1. So what are the three principal axis dimensions of chain B from its Cα atoms, in whole Å, longest to shortest?
2. For segment B:51-147, how big is Rg over Rh, using alpha carbon atoms and the Kirkwood form of Rh?
3. Based on the Cβ-Cβ distance of residue A:68 and residue A:133, what FRET efficiency does E = 1/(1 + (r/R0)^6) give at R0 = 35 Å, to the nearest 0.05?
4. So how far, in whole Å, is the C-alpha centre of segment B:28-63 from the one of segment A:1-62?
5. With a cut-off of 8 Å between alpha carbons and a minimum separation of six or more residues, what is the relative contact order of segment A:5-85 in percent?
6. Once the label point is placed 7 Å from Cα along Cβ, list for residue B:117 the distances to the corresponding points in the other copies, in nm, shortest first.
7. Relative to the longest principal axis of the C-alpha atoms of chain A, give the angle of the C-alpha long axis of helix A:89-100, reported between 0 and 90° and rounded to the nearest 10°.
8. Which FRET efficiency, nearest 0.05, do residue A:9 and residue B:90 yield, Cβ-Cβ r, R0 41 Å?
DNA sequence: TTGAACTTTCAGAATTTTCTGAAAGAATAA
DNA sequence: TTATTCTTTCAGAAAATTCTGAAAGTTCAA
């Protein structure tokens, strides 16, 4: 594999963005490389292409492994290990969501719940609890929602995505549908 | 305002999480403080409560201002400026999404589009372009989708959120609905 | 068991990010 | 105008993160 200008710009950009998605520049670059390479790459080749140390490659691959974003390939008669990105682009996005949820949402929700259980000691804490409850409910909704999206089959998800701004229309329609099915229930 | 243990744990946790959402620890803490304080706070008070320098508070507030997450309040007969979190929790989440989209998605989409326009020079680049196109389409879908969610009215959004895992059901239903309305069109 | 070819680990170096505090700037009152 | 009370800026300090490369670990063939 060779770093043509096209591939280089993709890899570097992914490096910059990577840090936003919860991993560092090098990890982003390694992953970008593996995603657009048809052939699995070995650790030395990755280090050479990106101009980073062998140790750094090792740590990056370990990190990507913990995110389940790469898999190790063993080639016939090769002692070296080769690495490949894992799953489809959809799977990749799902993994990133999943991982972020575990690292960011879950601990936050747990803390907020704890605070909600506490006895408010004064006026200020009563107000604080009110706000914290709002935040908790919002985060919980978002979490449940993304989880339910993740459990949809890929082609259903695709349909949903393609709907785009049609979501509003679907919702109106769903409203009438729901109120017909359950006329007694009010939102 | 005083930092009781309850409020302190909330503020510190938000500080840690803040960096995940695109701003640093101090900015997260300042924002957390403003969110759970019923009264607007002045810059000195914020600095004292968090134990950070006056200059740092100023920079943090500037950052939050650029995100449109805080607003300045002028009190009768006070020379100092007071700060308050702006809008509802929903608004806050929207602002964060919006800002992240601008900073992360838009530049990436633009780069990917550029690469897609390039002429592939060899087999490797042909494969790379294929993958890049997949990523582009996925990101574009997600972007359009979140934008359409953002343009929904808060109460519609709420309904949608409350649907949770009902999304699957709605989708099935939508399928039949769509195929009845547009029987000629195939996905 | 040895040696070759690889991988992993981790202390300290390099780099990047964040924070401080002094100085400069702005608004207002007298 | 000057004094007072606030805010902002930014160079350099401090802290946090990331990276390197040598050493230790692993695997396997002979």
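FYI, it's all coordinate maths here, none of it is from the lab. These numbers were taken from a predicted model, which means no experiment stands behind them. Every residue, glycine among them, receives a Cβ derived from its backbone with ideal geometry; neighbour counts consider all protein chains shown.
1. 68, 46, 31
2. On the way: Rg = 21.1 Å, Rh = 16.9 Å.
When Rh is taken as the Kirkwood radius, the ratio is 1.25.
3. Using R0 = 35 Å, I get an efficiency of 0.55.
4. For segment B:28-63 versus segment A:1-62, the Cα centre distance is 39 Å.
5. About 26 percent, as a whole number.
6. In ascending order, 5.7 nm.
7. 60
8. Computed FRET efficiency for residue A:9 and residue B:90 comes out at 0.65.
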